[in-house]
Amino acid sequence: MQGSKQIAGIHGATAPGNGGGHHGGSSESLSSDTNSKSTFSRESQGRSSTSSTSHEAYHTARLHSTAASYGDRLSGEEVPCLSGEKLQRMSRDVTYLCPFSGPIKGNLYLTNYKLFFSSKDRITSFEVPLGLVNRVEKVGGVSSRGENSYGIEIFCKDVRSLKFAHNPENHSRREFFEDLQQLAFPITRKALPFAFSYTEQFSDVGWNIYEPIQELKRLVGVPNESWKIVRYNDKYEICDSYPSVWAIPVAANDEEFIRSVAAFRSRSRLPVLSWLHPKGQASITRCAQPLVGVAAKRSKDDEKYLQMILDANATSHKLYVMDARPNANAVANKAKGGGYESEDIYQNIELIFLDIHNIHVMRESLRKLKEECYPNIDDNKWLSAIEATRWLEHLKCIISGAVRIVDKVENNKTSVLVHCSDGWDRTAQLTGLSMLLLDPYYRTLKGFEVLVEKEWLSFGHKFQHRIGHGDDRHSDPDRSPVFLQWIDSVYQVTLQFPYAFEFNEYFLITILDHLYSCRFGTFLYNTEKERMTNEVKKKTISLWSMVNSRRDLYINPFYCEEAGSNRVLLPSPAIRHLKIWKGYYCRWNPRMRSQEPEWIKYQKLQSFKSQLEKKFGELRLEVETRNNHVVHSLQV
């Protein structure tokens, strides 16, 4: 790989492909993106900052001329770059105010992909992909007194905050700050993220990992006598946040009927199939809330459609509706035109509320958790402080809800319909986790990638709004750690069943790092429709391309396929069994992380496992040869 270099420093060693310290290489500069006629997101652009066109043009021109100047003076060895990554600015004699080691003098580099700091002694170096930048603030003024009182502070989406002190005499802060704002928030400035410039070639094509019809056929051969595949939404006209391919009950044989059902569901997100039991007919379907409202509106077609879902499972006479929300929230949604299914109106259903709170509660919980994990950790109050964040309590509700779904499907042989308000946040958490517990395929490396593509990406989880890719509106109320919370829930399950998962912890951390990095196109945009419109598969690289080209980094050496191939997992959701994910939230604190990075441990264990398997194979062959020789001798 071009410009490849492993980076190690005060933030710990990093591995190939990890968002904490990327290396490797390929693609074009930001200049082509800035002048591109393509749009990243019409909605996000409509809410972009209103700085004048002339100012933007001037600043962009200055940025590019500066980048060319620095590119002439610096060798590629000083800053390890990806293909398409180019140096934009450098500030010498900058002091990194490390909260653990104290001030460190060095040089600060800015590329179109990352911020890179290198100490003068070359011992300490680290990088931060610009996609991880949440906000940037100036610290102090020219007249500020005191050492290191003048500079910038960078708040990141992965828990960290970084402070750099500039020399006020050389006025380097102003231009560096402006360039950083320009490059870290391209969407606000109507440019494209780095993913559209990155063109590194991998041996695997990640965009081919998920094919919806093939995956539906894997589920007991859908289409079958109960379920069929339809393309009613091939132009995204029925529901613009749903995929183009669905599986629905065979009895629903009229497109107009389906449109009527969609009209009675929030955002037109009608119930469609997520998973079907391989040894029965119990299904998991997903949707959004019904538009009941305070007037208690009804839809005969919606009621009939839910009966069709129930009838598709001949082994049960009841359909469980799992509403992810607390009861009070669901009732409150009636005032906004939403609501829930009444057991008096919908025949043969049982409604269960799972008490998972909304995106705003989760955002505040994560904020509290970040404060406890970085930069200082108070050992004396650690347990009480973590309890006060309520983060583990929220994870408990998600895992508990998924376990209830699994119990109904696996043990009761009943079908389950899952929804929250709009069906793209808590619904995805519940369907994704319950499918992981039910289906061993999703516990493999490839299967988990398919699960993310299917339940999160194709069904319209609003990654752009929840993460804020390239957007400087850090206080946007749409932002929330919904996907992070789900990955954390998966991690909790791997702790309870360490032999059941083909992938390791480092794989989950890599996914989260690149959720923010904007190096790959996988998590860009909100919907399948937007990704199609903006040709993401054609113009960007999939995260799975990198992962599947380096499988050895992400394989769990303890995985035992034989032990878990037909096993349904039922983890305990009790808080006493849940743990703060220190490998993710506390990894930047040298006092909390292990001296040897997890990915190195996994590689060593995998290597040792391979040696044992090889030795076992040799011994087995030797025994078989010896036995054959004995048998032959007896026959003679």
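Odds and ends about this structure:
- Qualifying residues in region 572-600 (those that are among the basic types (K, R) and either in the same structural domain as N504 (by TED's automatic domain parsing) or at pLDDT 90 or above (or both)) - the one farthest from E387 (Cα to Cα): R587
- Test set (1) surrounded by 18 or more Cβ atoms within 10 Å (Cβ to Cβ); (2) in contact with a strand residue (DSSP E or B) (Cβ under 9 Å, 6 or more places away or on another chain); (3) of a type in the set (A, V, I, L, M); (4) in a loop (DSSP other than H, G, I, E, B) - V292 fails condition number: (2)
- For region 551-582, the candidate set comprises residues that are assigned to a loop (DSSP other than H, G, I, E, B) and of a type in the set (A, V, I, L, M); within that set, the residue that is nearest to the chain's Cα centre (by Cα) is I580.
- Taken together, F185, F100 contain a single residue that is in contact with a helix residue (DSSP H, G or I) (Cβ under 9 Å, 6 or more places away or on another chain), of a type in the set (F, W, Y) and either crowded, with 24+ Cβ neighbours inside 10 Å or over 27 Å from R479 (Cβ atoms) (or both), which is F185.
- Whenever a residue of region 188-216 is within 21 Å of S458 (Cβ to Cβ), its partners that are among the polar types (S, T, N, Q) and outside any loop (DSSP other than H, G, I, E, B), lying with C-beta atoms within less than 7 angstrom and at least six residues away or across chains, give the pairs D204/S545; D204/N548; D204/S549; V205/S545; G206/S545; G206/N548; P212/S458.
- Residue list for region 552-580, filter: in contact with a Ser or Thr (Cβ under 6 Å, 6 or more places away or on another chain) and without any contact (Cβ under 8 Å) to a residue 40 or more places away in the chain: none
- Top-ranked residue of region 135-194 - restricted to ones that are in a loop (DSSP other than H, G, I, E, B), basic (K, R) and in contact with a Phe, Trp or Tyr (Cβ under 6 Å, 6 or more places away or on another chain), ranked as farthest from H514 (Cα to Cα): R160
- Taking region 411-437 as the range and being touching a strand residue (DSSP E or B) at 6+ places or on another chain (Cβ under 7 Å) and part of a helix (DSSP H, G or I) as the test, the residues that pass are T427, L430, T431, S434, M435.
- Some residue of region 390-400 being in contact (Cβ under 8 Å) with a residue 40 or more places away in the chain, surrounded by fewer than 18 Cβ atoms within 10 Å (Cβ to Cβ), part of a helix (DSSP H, G or I) and of a type in the set (D, E, K, R): yes
For (1) under 33 Å from the mean Cα position of the chain (by Cα); (2) not in a loop (DSSP other than H, G, I, E, B), each residue gets a yes or a no:
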{"position": "E303", "(1), (2)": "no, yes"}
{"position": "L310", "(1), (2)": "yes, yes"}
{"position": "T315", "(1), (2)": "no, no"}
{"position": "A328", "(1), (2)": "yes, yes"}
{"position": "A332", "(1), (2)": "yes, yes"}
{"position": "Y340", "(1), (2)": "yes, no"}
{"position": "D355", "(1), (2)": "yes, no"}
{"position": "S365", "(1), (2)": "yes, yes"}
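- Considering (1) at pLDDT 95 or above; (2) assigned to a helix (DSSP H, G or I), the lone condition that H461 does not fulfil carries the number (2).
- Residue within region 128-147 that is out of contact with any His (no Cβ under 6 Å at 6 or more places or on another chain) and over 29 Å from P375 (Cα atoms) present: no
- Counting only strands (runs of 3 or more DSSP E) that fall entirely inside region 80-131 and contain at least 2 residues that are under 18 Å from P168 (Cα atoms) and among the β-branched types (V, I, T), the qualifying elements are 87-98.
- Residue within region 370-379 that is β-branched (V, I, T) and either closer than 27 Å to V272 by Cβ or in a helix (DSSP H, G or I) (or both) present: no
- Scan region 207-223 for residues that are part of a loop (DSSP other than H, G, I, E, B), surrounded by fewer than 17 Cβ atoms within 10 Å (Cβ to Cβ) and on the phi < 0 side of the Ramachandran plot and the total you get is 2.
- Residue within region 422-444 that is surrounded by fewer than 22 Cβ atoms within 10 Å (Cβ to Cβ) and either outside the structural domain of W391 (by TED's automatic domain parsing) or over 26 Å from G206 (Cα atoms) (or both) present: yes
- Any hit, region 405-421, residues being assigned by TED's automatic domain parsing to the domain that holds V490, in contact (Cβ under 8 Å) with a residue 60 or more places away in the chain, surrounded by fewer than 20 Cβ atoms within 10 Å (Cβ to Cβ) and of a type in the set (V, I, T): no
- Filter result for the condition that a residue is touching a Ser or Thr at 6+ places or on another chain (Cβ under 9 Å), modelled with pLDDT of 95 or more, under 28 Å from F520 (Cα atoms) and small (G, A, S), over A184, A195: A195
- In this structure, S549 does satisfy being over 30 Å from C373 (Cα atoms), small (G, A, S), in contact (Cβ under 8 Å) with a residue 40 or more places away in the chain and surrounded by fewer than 20 Cβ atoms within 10 Å (Cβ to Cβ).
- Output for region 466-488, where each listed residue is buried (at least 20 other Cβ atoms within 10 Å of the Cβ), more than 10 Å from the chain's Cα centre (by Cα) and either small (G, A, S) or not in a loop (DSSP other than H, G, I, E, B) (or both): R466, G468, G470, S480, D488
- Residues satisfying the stated conditions in region 337-377, i.e. of a type in the set (D, E) and either outside the structural domain of D301 (by TED's automatic domain parsing) or touching a Lys or Arg at 6+ places or on another chain (Cβ under 7 Å) (or both): E350
Here is a yes/no grid of residues against (1) touching a strand residue (DSSP E or B) at 6+ places or on another chain (Cβ under 6 Å); (2) among the polar types (S, T, N, Q); (3) more than 24 Å from Y559 (Cα to Cα); (4) assigned by TED's automatic domain parsing to the domain that holds L437:
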residue: G468; (1), (2), (3), (4): no, no, yes, yes
residue: D472; (1), (2), (3), (4): no, no, yes, yes
residue: D476; (1), (2), (3), (4): no, no, yes, yes
residue: F483; (1), (2), (3), (4): no, no, yes, yes
residue: D488; (1), (2), (3), (4): no, no, no, yes
residue: Q492; (1), (2), (3), (4): no, yes, no, yes
residue: F501; (1), (2), (3), (4): no, no, no, yes
residue: L508; (1), (2), (3), (4): no, no, no, yes
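- In region 95-152, of all residues being basic (K, R) and under 29 Å from the mean Cα position of the chain (by Cα), the one that is nearest to C81 (Cα to Cα) corresponds to K114.
The values are calculated or read from the model by the stated rules, or taken from the named source; none is laboratory data. Just so it is clear, the model here is predicted, and its values are computed rather than measured. With ideal geometry, Cβ positions are generated from the backbone for all residues, glycine too; neighbour counts draw on all protein chains shown.
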